[in-house]
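The values are calculated or read from the model by the stated rules, or taken from the named source; none is laboratory data. Everything numeric here is computed off the predicted structure, so don't read it as measured data. Cβ: placed from backbone, ideal geometry, glycine included. Neighbour counts: every protein chain shown.
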Amino acid sequence: MIWIVKNLWLIPALPLLAAGIIAVNKQPARKLAAGLAIGSMALGFLLSLCAFAATLGHHGEGAFRETFSFNWIQFGGQWMSIGWVLDPLTAIMLVMVTFVGMLIFIFSVGYMAHDKNFMRFFNFLALFASGMLGVVIANNLFLLFVSWEIVGLTSYLLIGFWYHKPSAAAAAKKAFVTTRIGDLGLLLGMVWLYAQTGTLNFYDHGHGCMEASALAGMVSKTICGGMMISTAIGLLIFLGAVGKSGQVPLHVWLPDAMEGPTPVSALIHAATMVAAGVFLVARVYPLMAAGAAPVEHGVPVTTALTIVTWVGAVTAIFAATIAVAQNDIKRILAYSTVSQLGYMMMGLGVGGVAVGMFHLITHAFFKALLFLGSGSVIHGCHEEQDVRKMGGLKKYMPVTFVVYAIGMLALAGFPLFFSGFWSKDEILHHASHWSVSHVPFYLGCTGALFTAFYMTRQMGLVFFGKYRGYEESSHSAHAHSSSESHSHEPHESPAVMTVPLIILAGFAILLGVIGTPAWPWFDAYLNGELAELQIKFSNLAASAGLMGASALIVLTGITVGWMLYGKRQRKTAAEKDVLEAAQPAIYKLLENKYFIDELYEATVIRFNAFAAWLCDFADKWIFGGAVLLVKYLTVGASWLYRLTDENVVNGGFDAGCGSIRGGGGILSRLHSGRVQTYLRIIGVALVALIIFLIWGRKA
Amino acid sequence: MTLALIITALVTVLAAATVMSLRNLVHCALAMAVAFSGVAALYLQLNAEFVGFAEILVYVGAIAILIVFAILLTRSGETPEKSVLTSGWLAGVAVSAMVFTLLGWAVLTSSALPKEIATAPAAPVKNIGDALMGKFVLPLEIVGLVLTAAMIGAVIIALKEDKKDNPGGQP
Amino acid sequence: MTPLQVCLLVSAFLFAIGFAGAVTRRHAILVLIGIELMLNAANLNFIAFWRYGAHPEALTGIIFVLFSMALAGAEAAVGLALVIAIYRHKETSNLDEVKELKG
């Protein structure tokens, strides 16, 4: 057993330890908190690199996969074992999570420097990191579920970090409840899986539930409607992913989660937690792909994967349209995240694990970059988040501008240089070859167009034109050069915040290299075929058509966006949006997120409130009534007892004593103290005695 | 069943009745003496001469006089104005009536009484003396002791207390 | 009616009278008188049975009566001493008023 596999548990344990130590320390130990958190992530990163190296050095057929399990708990006669697994999927996720996490932790030191709950923030961040890393290394669905719940909990805690803001508290609650609905599916799937296969371990030397024998068993059985058991369980687990990754219809919590601090949005709601859903689907991919008919291009097509693809495609286009009409800088990015998650799911469905995971990795980097950049912008604009009140920031925050631009181009999928192009293209390429339908491909293309458009819109409104952040009274004509105090002006962020941005930007560009068709390193790595890998530029030519088409789409989107928002700048903050002026009805629909929140409020929330009222009623009157009944019965019984005790027992006793005393009183009259009375009595007794004797004799 | 017997009996009974019904105590004492005499006469008729004389000596000569002395010492010589009967006297009368009824009925209906009139026994004083000193010497001595004790006791009880010796009033 | 029965009846009557007097009269001395009468009745009873009963030569009745008389004398002495003592204490010889033992 390689030592790194045995000690893989250290990677999530270190942040957990850091969280524990931070939790018991008092407020002013900021340096300690930050140092512990960042240090634990750095150590985790080093260990992840070791793990990654271990998986690289593998020679043999199939992917490297080593597990380590131990018996944990015994119930009945069975032992339940848990453990962790090291395979390419795990390794790549470990590296990404620890690296991006470390950078975001460093960024947070600067961002949260003025917040008085610094310690609590790092405590939760470290706890989150340990949970996420636990999800990644888990070889056992139970351990995964536990870590999944930790992640959900810390997400709640961090979204509601500024809990005195009612909107933040409400958003945290909404996130938790919505993901909980998804987690119900995960739990049911987990239980069913255990019932079917008798083990929760994914890979267990042939006995695991993702391995051939278990899968064969599940494929052979069907339930209602002819659906295979593996499909049913896979869909239940997918439900958990839908909640966590914000797919339609459980996407409503993600935009509201922007109430949390920006590093939280970057870490949790861009790079890692929401990616956990995608990771989960990738983990149970063998289950979802089981029982597929023989396919072309090596990509299996099953009912489960088809559903995953459709959900992803719908989410992608749905969120992209909403993002067009948003005015909060973080909301735009949030809807963009939802849309990209949809792409990832679609990628998993049409192209397999490698396709979806590649986009996940690249997205993590450039979305974290974008969020952190927006954090820098918000920080520089003195906590202003409305894009209508920004503008012309490229003058004031040049570094931020450059890195943000890199991130934006990566997200939009600007051809050739940026990683987003390559990863999104992989997805579209496989979607175009999908045997079931071509509609997801068209939806994906349209989504890419919208993505480019809204990102350009955002860039234009934020960085170009004139700064609109002053008061309305002071006209923007002589705004920034006049007597306005410079403290209102936006400023560049300190180095502790910009350096991570620069690092992330570098990766946003460079990561594209590992996934081009010319050298599909990522795909080969995940499938364990690294040995036969060579750089083949000819492959580029084969997919040139699609590359050209997507390049065209992206450039179109950017051009339209630039024309509408870059060149023709809006003058004031209160001016109507261009699109709003053109199509007010559609704009209103998009701005209000298709009124889905209102729909949920009217139906699900009202039903939930009614159910809660019903339970309260039952509790108060039925169960409470039973308790009251018992209480009254007891009180009545005790009252009866007291009555009996006082009147019957006491009274009887008293009466007895009284009668004895009365009798005594009567008898004491015999003691009159007068001799003659005594004599009389003696006479009577004498007579009686003699009569008795005589009669006795006679008888 | 001689006439003498009946008359003596009647006198005795009448005297006894008188004793208990007179108001003046001295009269009662005198009637008591008469009753005692009647009893003595009965004894004489029953051939118990010694007992009869002893009766006169003891009862009439000593006890009756003693009672008169006591009457005089307790200043009860005058005829009382109030009732001489105690409270609840009717119960007492009833009880004594019951007693008499019982005894009389027993006497009249008993079959244990001898029906024969035996001949008059002789009871010379010599025999009585012999018996006293022979067979019944022990009771005689004990009676002597009892009389001594009674005498001493009576003296102690009736002794006038010296207030200086016994201020509490206890005898 | 044999003479024995007459004597016995007389004795019974004397006894009853003595008892009646002892329990109905107020004066203490009269109670003592009654007691004396009762004793006499008993003595009479003895003598009557001696005279008309079996074995008169044993003189049992006479001896008994002699002792009885002696004791009656002793008892009368003591009793009268008691009456005098009570009279000295309570200034009364009314038995109704001598009830310290009441209770």
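Within the bounds of region C:43-50, is there any residue that is crowded, with 23+ Cβ neighbours inside 10 Å and polar (S, T, N, Q)? Yes, region C:43-50 has at least one match. Quick check: is even one residue across region B:21-34 part of a helix (DSSP H, G or I), in contact with a strand residue (DSSP E or B) (Cβ under 7 Å, 6 or more places away or on another chain), at the interface with another protein chain (Cβ under 7 Å from one of its Cβ atoms) and at negative phi? There is at least one residue in region B:21-34 that is part of a helix (DSSP H, G or I), in contact with a strand residue (DSSP E or B) (Cβ under 7 Å, 6 or more places away or on another chain), at the interface with another protein chain (Cβ under 7 Å from one of its Cβ atoms) and at negative phi. Of all residues in region B:35-58, count the ones that are touching a residue at least 24 places away in the same chain (Cβ under 8 Å) and either over 19 Å from C:Q5 (Cα atoms) or in a helix (DSSP H, G or I) (or both). Summing the residues that are touching a residue at least 24 places away in the same chain (Cβ under 8 Å) and either over 19 Å from C:Q5 (Cα atoms) or in a helix (DSSP H, G or I) (or both) in region B:35-58 gives 8.
Note on region A:662-673: residues that are surrounded by 11 or more Cβ atoms within 10 Å (Cβ to Cβ) and away from chain C (no Cβ under 14 Å) amount to 1. Of all residues in region A:123-145, those satisfying the criterion of being more than 28 Å from A:G35 (Cβ to Cβ) and part of a helix (DSSP H, G or I) are A:L141, A:F142, A:L143, A:L144, A:F145. Answer yes or no as to whether A:E383 is among the charged types (D, E, K, R) and free of Cβ contacts under 8 Å to residues at least 12 places away in the same chain. Against the criterion (among the charged types (D, E, K, R) and free of Cβ contacts under 8 Å to residues at least 12 places away in the same chain), A:E383 qualifies. Within region A:6-32, the set of residues being aliphatic (A, V, I, L, M) and crowded, with 21+ Cβ neighbours inside 10 Å comprises A:L8, A:I11, A:L14, A:A18, A:A19, A:I22. Among A:V684, A:V604, which is the only one that is within 14 Å of another protein chain (Cβ to nearest Cβ) and of a type in the set (A, V, I, L, M)? From the options A:V684, A:V604, the qualifying one is A:V684. Checking each residue in region C:58-99 for being of a type in the set (A, V, I, L, M, F, W, C) and within 14 Å of chain A (Cβ to nearest Cβ) picks out C:L82, C:V83, C:I86, C:L95, C:V98. In this structure, A:D616 does satisfy being surrounded by 11 or more Cβ atoms within 10 Å (Cβ to Cβ) and modelled with pLDDT of 85 or more. Only one entry of C:H27, C:H55 meets the criterion of being farther than 20 Å from B:V125 by Cα and either modelled with pLDDT under 90 or within 11 Å of chain A (Cβ to nearest Cβ) (or both), and that entry is C:H27. Among the residues of region A:33-50, those that are buried (at least 24 other Cβ atoms within 10 Å of the Cβ) and within 13 Å of A:A129 (Cβ to Cβ) comprise A:A37, A:S40, A:M41, A:G44, A:S48. Across region C:1-60, the number of residues qualifying as among the aromatic types (F, W, Y) and touching a Phe, Trp or Tyr at 6+ places or on another chain (Cβ under 7 Å) comes to 2. Considering region C:1-24, the residues that are β-branched (V, I, T) and either surrounded by fewer than 21 Cβ atoms within 10 Å (Cβ to Cβ) or within 18 Å of B:L10 (Cα to Cα) (or both) include one that is modelled with the lowest pLDDT, namely C:T2. Restricting attention to region B:121-133, report how many residues are small (G, A, S) and either exposed (fewer than 12 other Cβ atoms within 10 Å of the Cβ) or more than 8 Å from chain C (Cβ to nearest Cβ) (or both). Qualifying residue count for the region: 2. Of the helices (runs of 4 or more DSSP H) entirely within region A:1-59, those holding at least 3 residues that are more than 20 Å from A:A91 (Cα to Cα) occupy A:10-23, A:30-56. Only residues that are modelled with pLDDT of 80 or more and touching a strand residue (DSSP E or B) at 6+ places or on another chain (Cβ under 9 Å) were counted across region A:243-296, and they come to 3. Hey, does region A:66-86 have a residue that's in contact with a Phe, Trp or Tyr (Cβ under 7 Å, 6 or more places away or on another chain), buried (at least 22 other Cβ atoms within 10 Å of the Cβ) and under 29 Å from A:A33 (Cβ atoms)? The answer is yes; a qualifying residue exists. When A:H164 is tested against (1) over 25 Å from A:A126 (Cα atoms); (2) outside any helix (DSSP H, G or I), exactly one condition is not met: (1).
From the list A:L679, A:L689, A:L693, A:L670, the one residue that fits, being outside any helix (DSSP H, G or I) and closer than 30 Å to C:F15 by Cα, is A:L670. Looking across region B:70-112, the residues that are facing chain C (nearest Cβ under 7 Å) and in a loop (DSSP other than H, G, I, E, B) come down to B:T74, B:S76, B:V84, B:T86, B:S87.
A:F142 - would you say it is under 19 Å from A:S40 (Cβ atoms), modelled with pLDDT under 90 and surrounded by fewer than 24 Cβ atoms within 10 Å (Cβ to Cβ)? No: the conditions fail for A:F142. Among the residues of region C:62-103, those identified as within 26 Å of B:T148 (Cβ to Cβ) and of a type in the set (G, A, S) are C:S68, C:A70, C:A72, C:G73, C:A74, C:A76, C:A77, C:G79, C:A81, C:A85.
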